[in-house]
Structure formats: structure tokens, C-alpha cells
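Reading through the C-alpha cells given below for one structure.
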Amino acid sequence: MACTSCSTSDGGAPKGCKNNGTCGTDSCNKLTVFDWLGNMNLPTGEAPFDCVEVRFKNGRKEFYRNTEKLTLSIGDIVATEASPGHDIGIVTLTGELVKVQMKKKGVDHKSADITKVYRKASQKDIDIWSEARDKEEPMKVKAREIAIALKLEMKISDIEFQGDGSKAIFYYTANDRVDFRQLIKEFAQVFKTRIEMKQVGFRQEASRLGGIGSCGRELCCSTWLTDFRSVNTSAARYQQLSLNPQKLAGQCGKLKCCLNYELDTYLDALKDFPDFETKLYTEKGDAICQKQDIFKGLMWFAYTDNFANWHVLKIDQVKEIVAQNKEKKRVSSLEDFAIEIVVEQEANFNNAMGQESLTRFDQPKKSKNKNKNRNKNKAQNPNTNQGEKTASNPNSKPNQGQNPNERKRNDEGNQKPQNKRPIIIKKNEDKK
């Protein structure tokens with residue numbers, strides 16, 4: 001559902017959104033809704049629904065009443081009522097689906113508190129809106145510097161200008177209550193505009209800013225997730241996940257919302273399992289459950305006097321033992337019911353390319369011993385190079401000041417090894 005500005009260019013390379021989230025088709029924006037009733041006509045005599053859904057910066061959506069009965073469609077830029085002035089947004093949904101969305105969000109469509117749509121935005125309105133949007137990033141940097149200078153324990157995450165540029169909304173996050181009265185005075189003096197501070201949660205901050213999750217996809221809260229349900233550590237326990245906060249926490253610093261996605265499936269599967277605290281009573285001793293495998297339907301038990309030795313039982317076998325224990329009967333031992341798990345052999349893959357090495361094209365490393373010996377000789381006798389015979393100057397005479405023993409060793413080292421026959425010494429048997 002990408003628009004033309006987000007399609008691929010020549011050669012298959014992605015272009016990217018050139019409109020920075022204000023596409024006319026509204027098909028590459030966050031929390032996009034597909035109007036699957038758009039091609040259906042209303043019954044005769046039925047008036048169209050008079051409310052529309054309008055999207056603002058970072059996926060913020062509001063419902064407005066179309067009192068002027070304007071012909072609006074998805075992607076139209078409209079001027080809506082605000083306090084004070086007016087705001088500029090993009091229509092994301094019209095028709096009967098707006099009634100469904102309002103019912104889902106708990107908004108009464110007959111309420112008189114619903115604000116109205118003024119008109120379709122003119123070119124002048126769009127120019128003022130674009131200029132106000134360009135001021136947001138430098139203002140955010142300056143606002144953070146002022147907050148740090150005042151030593152306030154808060155983080156200004158985003159700034160949103162109203163469509164007419166008369167008001168700026170500062171979104172911030174904080175763990176505790178913050179006294180920002182002095183901060184508002186500083187902002188009004190520096191930015192020369194009306195200031196409104198709005199605190200958001202850490203999950204709402206992540207949804208506004210967006211990002212890439214550990215799964216490699218965009219964050220669910222910034223793409224399609226509209227409500228934030230509480231996530232507990234019990235969801236990780238039911239799914240037998242390690243309670244590692246670095247793996248279970250998302251970019252917001254809270255537990256990941258995706259922990260709730262498969263929780264119902266795990267809870268349904270655990271209904272067939274005996275309770276984890278179930279004890280099995282045998283003649284050999286009492287046994288306690290140590291581990292469960294939900295997918296294979298297995299449970300591991302160990303005796304209270306030997307926790308190192310675990311026995312694997314199926315669910316039916318555990319239920320059978322529990323039924324006998326309820327009749328005050330003890331089974332002989334867990335070994336009579338335990339099953340053996342066959343360990344699958346690891347597949348050994350042969351090298352299809354033979355015994356070739358990846359470094360076969362690299363140049364061989366030169367030995368550094370010869371260079372070390374030469375440098376050592378140069379350091380001991382700096383005039384050695386003048387007296388040595390070289391291949392380029394065979395008439396050069398050896399240095400007279402060189403030690404004859406060292407000269408002899410150098411001559412022996414420079415000589416090439418010759419293939420000599422081994423000398424066999426025969427011992428004279430007849431001694432004279």
C-alpha cells in the first residue's frame with residue numbers, strides 16, 4: 001500500500017518517503033486504516049455519517065464533526081477547530097467506519113463536545129503549517145538545553161506546533177512530578193509563543209518517536225497498536241522465558257507488548273497440564289516437578305533427596321500417579337514410568353568445495369628471523385655493510401675490523417646447502 005513517492009526507483013533501490021509523513025494518499029503513514037466500505041453506496045434516503053477521523057503529527061488522531069457537509073475523502077488536508085485558533089490535519093477515515101472507530105474508542109458520536117471541521121486547507125494554511133513544522137527540531141534542541149540548565153529530572157521527547165503556529169505543545173516524560181513553572185517562563189521568553197506542557201508515558205513516547213524492534217521490524221506501538229495493555233512478568237513465566245530484563249524490555253524500557261500476543265495460547269495449553277506444584281509420592285521417596293515442556297507434553301521430576309537426577313514423564317503418566325496418590329497408594333518408583341529421550345545426532349555437513357581454504361589467495365608471510373638477525377648485526381657492527389660482499393658488488397672487500405668468527409658465521413649462513421653424501425666411518429677391527 002505504498003504511495004508513488006515511496007515506491008522503488010530505477011534499478012530497484014527504494015526512494016523513501018519524500019513528503020516526510022504527509023503523503024496525499026496516506027498509505028505509508030503510521031496507524032493507517034483501510035476503508036473497506038469505500039466502494040459501497042449508502043441506501044436511498046440515508047445521510048452519510050457526519051464525523052470524520054483526522055490525523056496529526058506522529059499518529060495522533062481525533063474525531064471532528066463535518067457540520068459544513070464538505071465532500072471529504074481520505075488524504076484531504078483540512079483546517080479543524082482548536083483552542084485557540086485552528087489546527088491542520090489529514091483526513092484518514094470517512095463514512096460508516098468512523099462510527100465503528102468512535103465506538104471502539106468510547107466516544108459518543110452524539111456528544112456536543114465534538115469539535116468541527118472548518119474548511120479544506122488553503123495554500124496559505126499549508127505554507128504556515130510547513131513553516132511551523134520546520135521550527136520544531138531546533139526548538140527541541142534548545143528546550144532540552146534549558147531543561148538541563150534548570151536541573152529538571154525530565155526528558156522533552158517531542159514538540160508539536162499547532163497548524164496556525166500560535167501554540168506549541170511540549171511532550172515530556174518524567175518518573176516523578178516536575179515543577180516546570182520556571183521552565184514555562186523560560187520557554188515563553190525564548191520562543192515567543194504560547195506553551196503547553198503535556199506529560200506522556202514511556203510507551204506513548206516510543207510510539208510517537210518510532211523505531212526498530214529486536215525482531216527487525218518497526219515497533220508495533222507506532223505502526224498498528226492503538227491500546228497499551230499492562231504486561232506482567234507472569235507472562236514471561238508462563239511462556240518459560242528467562243527473566244532477563246535486557247531481552248524482555250523494549251525501547252520504552254518496559255516489558256515488550258508482544259509478550260501478550262501468545263499468552264492466551266500458552267494458557268490454553270497449560271490447562272491440560274497438572275499443577276506445577278504437584279508432588280508425586282512413591283515408595284522410593286517424594287518427587288517434585290522441576291521443568292515442563294508445553295509443546296511436547298513432558299514434565300521433569302526429581303526426588304527430594306536427589307535433585308540432580310531428573311526423570312521425564314508424560315502428562316498421562318503424571319495424572320495416573322496423581323490418581324493413585326489420591327487413593328492413598330504409592331507407586332514403586334518414577335523409574336517405572338520414566339521415558340528415555342532419544343538425542344538426535346547432529347548432521348555433519350561435508351565441504352562441497354573440497355579442502356580449499358579461504359586464505360589460499362593470501363600472500364605467504366615472510367619470516368622475520370632473518371630481518372631480526374640482520375638488524376642485530378647492524379646494531380653491533382655499524383660498518384658491517386661496507387665490508388660485506390654482495391651480489392651487486394662482488395669485488396668489494398670484507399671489512400677488516402669485523403670479528404673473524406662473526407665473519408665466518410655469516411659466510412656459512414649465506415652459503416647454500418649442498419647435497420653431500422653421508423660419510424661412513426668404518427671401525428678398524430684389526431688394531432695394529
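Taking H placed 1.01 Å from N in the peptide plane, check which residues at least 5 places from Lys291 or on another chain put their amide H under 5 Å from its amide H.
Close amide H contacts, sequence-distant or interchain: Trp300.
Assuming R0 = 30 Å, can you tell me the calculated FRET efficiency for the pair Asp113 and Thr223, based on Cβ-Cβ distance, to the nearest 0.05?
Computed FRET efficiency for Asp113 and Thr223: 0.50.
What percent do you get for the relative contact order of segment 213-352 when only Cα pairs under 8 Å and 6+ apart count?
Rounded, it is 15 percent for segment 213-352.
What percentages make up the Cα-Cα pair-distance distribution of segment 123-200 when the bins are 10 Å wide from 0?
P(r) over segment 123-200, rounded to whole percents: 18, 54, 22, 5, 0.
Counting pairs of alpha carbon atoms under 8 Å apart in space and at least six apart in sequence, what relative contact order in percent does segment 151-250 give?
RCO, segment 151-250: 19 percent.
Go through 110-118, 276-284 and give me the packing order, highest mean Cβ count within 10 Å leading.
Highest mean packing first, the order is 276-284, 110-118.
With a 1.4 Å probe and every protein chain left in place, work out the accessible area per residue of segment 206-337 in Å², rounded to a whole number.
Numbers: 8370 Å² over 132 residues.
About 63 Å² of surface per residue is accessible.
Using Cα-Cα distances under 8 Å and only pairs 6 or more residues apart, what relative contact order does segment 193-244 have, in percent?
In percent, rounded to a whole number, it is 22.
Mind giving me the nanometre distance, one decimal, between the label points for Lys99 and Asn325, set 7 Å out from Cα along Cα→Cβ?
Taking the two extended label points, one gets 5.8 nm.
For Thr67 and Lys247, what is the calculated FRET efficiency with R₀ set at 56 Å and r taken between the beta-carbons, to the nearest 0.05? Intermediate values should be presented prior to the final figure.
Values: r = 51 Å, r/R0 = 0.92.
Computed FRET efficiency for Thr67 and Lys247 comes out at 0.60.
The values are calculated or read from the model by the stated rules, or taken from the named source; none is laboratory data. Everything numeric in this text was worked out from a predicted model, so none of it was measured. Cβ atoms come from the backbone with ideal geometry, glycine included; neighbour counts cover every protein chain shown. Side chains are part of the model used for accessible areas, which takes the heavy atoms of the whole protein and leaves out ligands, DNA and RNA. Shrake-Rupley method; radii C 1.70, N 1.55, O 1.52, S 1.80 Å.
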